[in-house]
Amino acid sequence: MPDMHSAQKEALRFFIPLYIICILCVFGFSFWPWTRPAMATLFVVALLLISFVRYFFRDPERAVPADEAIVVSAADGLVVGVDEMEEPDFHLGPMIRIAVFLSVFDVHVNRSPVAGVVKSTIYKAGRFLDARHPDASARNECRSWWLETARGPVAVRQIAGLIARRIVAWSGEGSALARGERIGMIRFGSRTEVFLPRECTVLVKPGDRVSGASTPIARWPATTEIPRLSQSP
């Protein structure tokens, strides 16, 4: 299981230089009077950026639905598409795609929508179109996950956007994931897609707002028994 503070560790990449800027501004304000207007302005800007970084990299705990037949959202944001198409990365055939757009104000930690094992994960370089652009799914930089579950294959795609320029993975091939477990994040504004077998019943529609790990987006078809996959300790 990935470190529960992985999002905070990503935030350090921004906190450290911003704190250094604040310290330099304090020294400049104290010892070089002629720089005070500029130092004061820079100090305020740095503090505002620190507040934004702290807000953006938040990683709240979520209550996962108890019903094991429920597929949960992989991301926070706005549902922008529910359709059927060929799964493009692992060639899993025609599947239901549920696409969620994440603005800079949404939580950007991505979660596993199902319990399963990471059979494969691949990274593809690409462009950085606005994540709402109709071609973003096919042309943008992305990382895809093939999750093998007791009920069938599921795929998740993390897609970089116009501002998001880094996709972070916290799990790897062979990892056993619980439903709702953190798998990574995208910085800063992006798109996450979940591909499900066509037998699943979709529970959301375009325009709905969803929360990662807690909002049901689909339901597996009824079965007489649910085989259980072993989970990582």
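The values are calculated or read from the model by the stated rules, or taken from the named source; none is laboratory data. None of the values given here were measured: they were computed from a predicted structure. Positions of Cβ are generated from backbone atoms using ideal geometry, with glycine treated the same way; all protein chains shown enter the neighbour counts.
Only one of Val154, Val168, Val117 is of a type in the set (A, V, I, L, M), surrounded by fewer than 21 Cβ atoms within 10 Å (Cβ to Cβ) and at pLDDT 85 or above. Can you tell me which?
On the way: Val154 fails: surrounded by fewer than 21 Cβ atoms within 10 Å (Cβ to Cβ); Val168 fails: at pLDDT 85 or above.
Criteria check complete, one pass: Val117.
From the residues in the range 182-192 that are of a type in the set (D, E, K, R) and surrounded by fewer than 24 Cβ atoms within 10 Å (Cβ to Cβ), which one is modelled with the highest pLDDT? Please lay out each step first, then the result.
Quick first cut of the range 182-192, residues of a type in the set (D, E, K, R) only: 182, 187, 191.
Checking the rest, the ones that are also surrounded by fewer than 24 Cβ atoms within 10 Å (Cβ to Cβ) come to 182, 187.
Details: Arg182: 93, Arg187: 72.
Among them, the one singled out is Arg182.
Checking the condition at pLDDT 85 or above, part of a helix (DSSP H, G or I) and surrounded by 12 or more Cβ atoms within 10 Å (Cβ to Cβ), which residue from Ile21, Ile96 passes? If you could, list the steps in order and put the result at the bottom.
On the way: Ile96 fails: part of a helix (DSSP H, G or I).
Of Ile21, Ile96, the one residue that is at pLDDT 85 or above, part of a helix (DSSP H, G or I) and surrounded by 12 or more Cβ atoms within 10 Å (Cβ to Cβ) is Ile21.
Assess whether Arg13 counts as being assigned to a helix (DSSP H, G or I) and either closer than 19 Å to Gln158 by Cβ or in the same structural domain as Arg151 (by TED's automatic domain parsing) (or both). If you could, list the steps in order and put the result at the bottom.
Details: assigned to a helix (DSSP H, G or I): yes; either closer than 19 Å to Gln158 by Cβ or in the same structural domain as Arg151 (by TED's automatic domain parsing) (or both): yes.
Taking the combined requirement at face value, the residue satisfies it.
Residues in the range 65-80: is at least one closer than 19 Å to Ile167 by Cβ, touching a Gly at 6+ places or on another chain (Cβ under 9 Å) and among the polar types (S, T, N, Q)? Quick ask: steps written out before the conclusion?
Residues of the range 65-80 that are closer than 19 Å to Ile167 by Cβ, as a first pass: 73-77, 80.
Restricting the remaining residues to those that are touching a Gly at 6+ places or on another chain (Cβ under 9 Å) gives 73-77, 80.
Checking which are among the polar types (S, T, N, Q) leaves us with 73.
Yes.
Going by what's in this entry, would Arg62 be described as outside the structural domain of Trp146 (by TED's automatic domain parsing), surrounded by 13 or more Cβ atoms within 10 Å (Cβ to Cβ), in contact with a strand residue (DSSP E or B) (Cβ under 8 Å, 6 or more places away or on another chain) and over 24 Å from Arg13 (Cα atoms)?
Numbers: outside the structural domain of Trp146 (by TED's automatic domain parsing): yes; surrounded by 13 or more Cβ atoms within 10 Å (Cβ to Cβ): yes; in contact with a strand residue (DSSP E or B) (Cβ under 8 Å, 6 or more places away or on another chain): yes; over 24 Å from Arg13 (Cα atoms): yes.
Against the criterion (outside the structural domain of Trp146 (by TED's automatic domain parsing), surrounded by 13 or more Cβ atoms within 10 Å (Cβ to Cβ), in contact with a strand residue (DSSP E or B) (Cβ under 8 Å, 6 or more places away or on another chain) and over 24 Å from Arg13 (Cα atoms)), Arg62 qualifies.
Polar (S, T, N, Q) and without any contact (Cβ under 8 Å) to a residue 40 or more places away in the chain - does that describe any residue in the range 63-73? Don't jump to the end; show me each part of the working.
Filtering the range 63-73 down to residues polar (S, T, N, Q) leaves 73.
Narrowing the set further to residues that are without any contact (Cβ under 8 Å) to a residue 40 or more places away in the chain leaves none.
No.
Quick one: count up the residues across the range 177-218 that are charged (D, E, K, R), in contact with a Ser or Thr (Cβ under 8 Å, 6 or more places away or on another chain) and over 13 Å from Phe101 (Cα atoms).
Result for the range 177-218: 3.
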